[in-house]
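The values are calculated or read from the model by the stated rules, or taken from the named source; none is laboratory data. Being a predicted model, the structure only gives us computed values, none of them experimental. All Cβ positions, even for glycine, are placed from backbone atoms using ideal geometry, and neighbour counts span all protein chains on display.
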């Protein structure tokens, strides 16, 4: 129950306060440029993380394929004798 209360409190504190948002002056061009650069950096980081994950998974799959190809084929089961 305590964890639930803390979660609600954290969510409430993380939410922007409407009164403060309304009183903020519009961003000037320099601030807008900085915000744009920050978004670009965040996006680049997210893309880089996705690319690294894809590379890791591709390497894992290639390793599995190579291991399977290097194993000798499984022996065929013996044929039953017909009567």
**Request:** Go through the residues of the stretch 14-21 one by one and say whether even a single one is assigned to a helix (DSSP H, G or I) and either modelled with pLDDT of 60 or more or surrounded by 10 or more Cβ atoms within 10 Å (Cβ to Cβ) (or both).
**Result:** yes
**Complete:** Sole miss for residue 9 among (1) surrounded by 10 or more Cβ atoms within 10 Å (Cβ to Cβ); (2) at pLDDT 60 or above is condition (2)
